[in-house]
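Take a look at the structure below.
The values are calculated or read from the model by the stated rules, or taken from the named source; none is laboratory data. What you see is a predicted model; the values in this text were computed from it and never measured. For neighbour counting, all protein chains shown are included, and Cβ atoms are generated from backbone atoms with ideal geometry for every residue, glycine included.
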Amino acid sequence: MADFQRTETIGDSCNRQNLADLIGTASVKNLTGDDVTDLAVAVVTSVTNNPGTPTSGVWWWDQHDQLFKMPVLEVDGASCSFYASIGPDAWDFPGYNICDYTVHKGSLLRFDTQVGASPYGCTPMEPCTTFMTSGRALRAHVEMRNAYGFAAEHIAPASFGPVRTEGFGHVRAEWATYQALHLNLENKFPQFPLIPSTQYTGYVQATPRSYGQPTWITQVAAGLARPHNITAMSVLAPALIHLPAGRVAQLK
């Protein structure tokens, strides 16, 4: 049972200021979930770890990502358990990993297109075939119509997890294309187009500036700062995500 703990003491008489001080300096101790109704919601603040198994009564202010996250316990009649960001700088939606392997954070996902597929079923997007010649798009891509978003966290096989469709996040990026874009590692440009990789599943790549506007029809995110001293093939890079594809082209 909860206890009302006071720091002020009132004697035989008091005035309104004494009452205000009594209430204003008091605190509630030993409050448990059994002491509140089912409709009450507690907000837990945490820097690195989530509050544990999501429950309907606990929401999470993630101090590490500076995002407010809600518990998702059921999607389309199926039970699940994960936290999804609802702002202020990023928004997640449910995605169901149909693969037999874990989808890693930052992977570009597309909707499942099989007959009878779940509306939330998704899988990492396959490499898109090369589509640029002399700065012009040769054809529309079926894959781009199915682009959903990026895995905001690792999503286990046959499980639901958060898919980021809007706002700031991290994407699995083909690092060599970042270097080729500006021929250096300096952060001179505020943003640059990111499109699905033409070589690797679930990755994005930067596009040469010479391609210009035609690449924007397949843009799924805007690249931001490029980390220095990267030698690996891939990097989890910061990006401004803006789905459906092509919408980032309007950002200046």
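The residue that is modelled with the highest pLDDT, counting only those in region 44-70 that are of a type in the set (Val, Ile, Thr) and part of a strand (DSSP E or B), is VAL58. Scanning region 110-131 for residues that are modelled with pLDDT of 85 or more, part of a loop (DSSP other than H, G, I, E, B) and in contact with an Asp or Glu (Cβ under 8 Å, 6 or more places away or on another chain) yields SER118, PRO119, TYR120, MET125, GLU126. Can you find a residue in region 96-106 that is assigned to a loop (DSSP other than H, G, I, E, B), small (Gly, Ala, Ser) and out of contact with any Lys or Arg (no Cβ under 8 Å at 6 or more places or on another chain)? Checked against the condition, which is being assigned to a loop (DSSP other than H, G, I, E, B), small (Gly, Ala, Ser) and out of contact with any Lys or Arg (no Cβ under 8 Å at 6 or more places or on another chain), region 96-106 yields no hits at all. Screening the candidates GLU186, GLU166 for the property of being at pLDDT 60 or above and acidic (Asp, Glu) yields one hit, GLU166. Scanning region 74-89 for residues that are in contact with a Ser or Thr (Cβ under 9 Å, 6 or more places away or on another chain), of a type in the set (Gly, Ala, Ser) and crowded, with 17+ Cβ neighbours inside 10 Å yields nothing. When TYR211, TYR178 are checked against the criterion of being surrounded by 16 or more Cβ atoms within 10 Å (Cβ to Cβ), modelled with pLDDT under 60 and over 27 Å from ILE86 (Cβ atoms), TYR211 stands alone in meeting it.
Residues being at pLDDT below 80, over 30 Å from PRO157 (Cα atoms) and among the polar types (S, T, N, Q) are represented in region 36-43 by at least one member.
Condition first: among the β-branched types (Val, Ile, Thr), free of Cβ contacts under 8 Å to residues at least 60 places away in the same chain, in a strand (DSSP E or B) and within 30 Å of GLU174 (Cβ to Cβ). Can you find one or more residues in region 78-95 that meet it? No, region 78-95 contains no residue that is among the β-branched types (Val, Ile, Thr), free of Cβ contacts under 8 Å to residues at least 60 places away in the same chain, in a strand (DSSP E or B) and within 30 Å of GLU174 (Cβ to Cβ).
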